[in-house]
1. With the structure loaded, tell me whether residue 22 is touching a strand residue (DSSP E or B) at 6+ places or on another chain (Cβ under 9 Å) and surrounded by 20 or more Cβ atoms within 10 Å (Cβ to Cβ) or whether it fails that test.
2. Starting from the stretch 182-205, take each residue that is polar (S, T, N, Q) and list its partners that are assigned to a loop (DSSP other than H, G, I, E, B), counting only C-beta distances under 7 angstrom and pairs at least six apart or across chains.
3. Please enumerate the residues belonging to the stretch 266-278 that are buried (at least 16 other Cβ atoms within 10 Å of the Cβ) and either among the hydrophobic types (A, V, I, L, M, F, W, C) or more than 14 Å from the chain's Cα centre (by Cα) (or both).
4. So, of the residues in the stretch 295-331 that are under 15 Å from residue 248 (Cα atoms) and among the hydroxyl-bearing types (Ser, Thr, Tyr), which turns out to be surrounded by the fewest Cβ atoms within 10 Å (Cβ to Cβ)?
5. Taking the conditions exactly as written (closer than 27 Å to residue 159 by Cβ, surrounded by 13 or more Cβ atoms within 10 Å (Cβ to Cβ) and out of contact with any Pro (no Cβ under 7 Å at 6 or more places or on another chain)), does residue 344 satisfy them or not?
6. Return the residues of the stretch 298-340 that are part of a loop (DSSP other than H, G, I, E, B) and of a type in the set (Asp, Glu); say none if nothing qualifies.
7. Report the residue count in the stretch 341-366 for those that are free of Cβ contacts under 8 Å to residues at least 40 places away in the same chain and assigned to a helix (DSSP H, G or I).
8. Here are 207, 212: which of them is modelled with pLDDT of 55 or more, crowded, with 18+ Cβ neighbours inside 10 Å and not in a helix (DSSP H, G or I)?
Amino acid sequence: MGCAVSVYRVGGNKKPLKIPLVTVLVPSIRIPVASNIQKPLKGLVPKDLADRLTSLRNQIFLLAEQTDVSAVPELLRALEEYLSLLVGLTDPELGCRELIEFRWKSLDDGQKEICIADAWFELLSVVHMMAMLTLMEANSKLIPDQTVSSESEESTDNIRSAVDLLVKAAGYLQFCLREILVQIPPHIKMKLPVDLQESVIEAAYIQALGQQVSQLKWPPLTHSHSALYDFQGTEMQLASAVGSKNATLSVKRRLACEQLSYFGQAHYCLSTCDNLNGYGKKHLSFIKWKYLEAKAAAYYYHGLITDKGTEPSCHISAVCCFLAAEEILTESKKACLNFCLTLPITRAPAAWGAMKHLNKKIPETAAKKSQMYAYLLEEEKSLNVLPDLPEFELSLKADEYQMPDKDAAWESEKWVIPNQTLKTHLTDDEEDD
């Protein structure tokens, strides 16, 4: 479901008529289910405050059920407003943390519901949902306009927007890891669904970082722009660098190596998670595909740099890199097919950016250089060893998320809870039932 949202409704029940395209995979998505908020809070917080909590939560549910990706900004605003109220329930002085059983359902595993009585669980679910919605929006920015041409390319504006969204999504996930999960006790963590477990959230966080990196300046991709762009995605950064005459081979190699490191870390985090569900396996296959693409690119650019040496060993090492890149590129295409066929079935967009260039250049260069240095390969068989790729210090930075301030209603001097007689309290309970 997660990857389908960029084309279809967020939580709608209609079956998609077409297999959706995926550029940025959305690992999972959960939406709230109607929960009894007012009754547990009766007599503890003002009725209008409980009503606002209920109303906003219901609004989020309805928006998620009935709207498509175009309404994601409205849904994010509602979630942000809800958070400012929700944070008050985590205040230990109020003693409201474990009073409400918050219910959520997954749209990726047959609408299975989970119910946990912990305000921090609700907080985690809300911020995680914000991250997933932001990834959906990023994916939609990179999906070609099918009404124009099947070969239409992503505009620089859309790429920049997608990068900004990836930075923001990474910030949400980082907040989940650093600020929320540490507040949840072990016995509650054991009840969390797979997609809310620490290793899976960390994998999603690193995935977002793998497609975005700290700010670097690049020349414009088209001659119609004179200002420099702030590109923040390794994948998109590399796409920009490939099309830029000012980007050196060293820069291209570094970007490919960085992307390789990010997806390697994400794959490790996800593979250590127990009981991956069906969609978790799809997430893992997506990361493997992107990892292999980055590895092929890294070896190709490392080979080009190595080939500039004057010693025979340099040329032999370069050929080994080119041949390895070609073999890994073939494996990446198989991994892409495996990802697409892993349920739920999706389509990968046509190769774009760096891979559109490398799908052609890697086989051509491997064949050309193998023929050119065939005599060296035959004479110096002892040197036919694949060199190690260089390691670079990673300089990733998410857009740090700050929890909204607690709603003023929690601090209001007018917060007076009227006394109820036993008869009134019992009458209210009957009405609730």
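The values are calculated or read from the model by the stated rules, or taken from the named source; none is laboratory data. Note that the coordinates shown come from a computational prediction; the quantities given were computed from them, not determined experimentally. Here the Cβ is made from the backbone with ideal geometry for all residues, glycine too, and neighbour counts use every protein chain on show.
1. yes
2. Going by the 7 Å Cβ cut-off, the qualifying pairs are 197/273; 199/272; 199/273.
3. The answer is 266, 269, 270, 273, 276, 277.
4. Within the stretch 295-331, the match that is surrounded by the fewest Cβ atoms within 10 Å (Cβ to Cβ) is 306.
5. Against the criterion (closer than 27 Å to residue 159 by Cβ, surrounded by 13 or more Cβ atoms within 10 Å (Cβ to Cβ) and out of contact with any Pro (no Cβ under 7 Å at 6 or more places or on another chain)), residue 344 qualifies.
6. Within the stretch 298-340, 307, 311 qualify.
7. Summing the residues that are free of Cβ contacts under 8 Å to residues at least 40 places away in the same chain and assigned to a helix (DSSP H, G or I) in the stretch 341-366 gives 6.
8. Matching residue, one of 207, 212: 212.
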